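S.K.: Once you've had a glance at the structure underneath, I'll fire off some questions.
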Amino acid sequence: LLIGGNETTTNLIANAVDALLAHPSQAQQFAADPSRIQGIIEETLRYDSPVQYVARVATHEVELRGQRITKGGEVVAFLGSANRDDRQFADPDRFDHERNARDHLGFGHGAHFCLGASLARLEANTALSALAPELPRLSRVTPEVELVLNNAARGLARLELERTA
């Protein structure tokens with residue numbers, strides 16, 4: 001719960017800012033109309049989710065698309081890949097805060113749906129809404145983006161910003 005309620009939410013906010021900086025017209029739209037916040041959050045969760053995969057242990061034997069998974073077998077589900085599935089999302093490699101991204105798997109699904117999803121959305125809403133008016137005047141200090149990849153979360157090692165004229 002500590003990781004889920006801290007690092008992943010921090011990465012959700014930073015990933016949203018990074019995506020908006022990479023898409024200045026969408027940052028300007030958001031600054032002009034902060035009611036777009038839910039679309040920004042859901043699209044960020046789909047486009048660049050802080051949790052890219054989850055590991056599970058099969059509770060019973062099952063066959064899935066010709067592959068036998070034995071009871072006790074370990075399975076890794078790549079949520080980031082599912083969120084870029086072009087059968088589910090048109091032009092999935094494009095960040096578009098106006099798309100209906102509600103069916104993303106950024107918070108998991110079913111019995112394993114994230115316990116803190118509502119809190120994460122609320123925290124991201126608060127932080128991004130406060131930042132919205134400044135977004136069109138912000139830029140990265142360096143253009144390179146360094147990611148931190150670990151078993152718990154995916155995000156930026158740092159996101160240094162500066163205010164432009």
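The values are calculated or read from the model by the stated rules, or taken from the named source; none is laboratory data. Treat the numbers as computed from the prediction; the structure is a model and nothing was measured. Cβ sites come from the backbone with ideal geometry, for glycine too, and all protein chains shown count toward neighbours. We work out accessible area using only protein heavy atoms, side chains counted, and drop any ligands, DNA or RNA first. Shrake-Rupley method; radii C 1.70, N 1.55, O 1.52, S 1.80 Å.
S.K.: Please pick out the residue among ASP85, ASP93 that is within 23 Å of ASP18 (Cβ to Cβ), open to solvent by 100 Å² or more (accessible area, probe 1.4 Å) and not aromatic (Phe, Trp, Tyr).
M.R.: After applying the criteria, what remains is ASP93.
S.K.: For residues that are small (Gly, Ala, Ser) and closer than 21 Å to ARG36 by Cβ, scanning just the range 81-113, find the one that is nearest to the chain's Cα centre (by Cα). Quick ask: steps written out before the conclusion?
M.R.: Restricting attention to the range 81-113, the residues satisfying the condition of being small (Gly, Ala, Ser) are 81-82, 90, 101, 106, 108, 110-111.
Those still in the list that are closer than 21 Å to ARG36 by Cβ too: 90, 101, 106.
On the way: ALA90: 17, ALA101: 11, GLY106: 6 Å.
So, considering only residues that are small (Gly, Ala, Ser) and closer than 21 Å to ARG36 by Cβ, the one nearest to the chain's Cα centre (by Cα) is GLY106.
Quick grid of which residues meet (1) aliphatic (A, V, I, L, M); (2) in contact (Cβ under 8 Å) with a residue 40 or more places away in the chain; (3) in contact with a helix residue (DSSP H, G or I) (Cβ under 9 Å, 6 or more places away or on another chain):
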position	(1), (2), (3)
VAL17	yes, yes, yes
GLN52	no, yes, yes
ARG56	no, yes, yes
GLN67	no, no, no
VAL76	yes, no, no
SER81	no, no, no
ARG87	no, no, no
ALA101	yes, yes, yes
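S.K.: Wholly within the range 94-165, which strands (runs of 3 or more DSSP E) include no fewer than the required count, namely at least 1 residues that are more than 15 Å from SER49 (Cβ to Cβ)?
M.R.: Working: elements: 138-140, 147-149, 154-156, 161-163.
Those strands (runs of 3 or more DSSP E) span 138-140, 161-163.
S.K.: So which residues in the range 132-151 are surrounded by 13 or more Cβ atoms within 10 Å (Cβ to Cβ), out of contact with any strand residue (DSSP E or B) (no Cβ under 7 Å at 6 or more places or on another chain) and under 29 Å from GLN88 (Cβ atoms), if there are any at all?
M.R.: ALA132, LEU135
S.K.: How many residues are open to solvent by 20 Å² or more (accessible area, probe 1.4 Å) and closer than 28 Å to VAL75 by Cβ if we restrict to the range 11-44?
M.R.: 0
S.K.: Looking only at residues that are open to solvent by 60 Å² or more (accessible area, probe 1.4 Å) and hydroxyl-bearing (Ser, Thr, Tyr) in the range 45-82, which one is nearest to GLU123 (Cα to Cα)?
M.R.: Result: TYR53.
S.K.: Additional query: So for the range 63-80 (the condition being closer than 25 Å to ALA153 by Cβ, charged (D, E, K, R) and under 17 Å from the mean Cα position of the chain (by Cα)), does at least one residue qualify?
M.R.: No, that holds for no residue.
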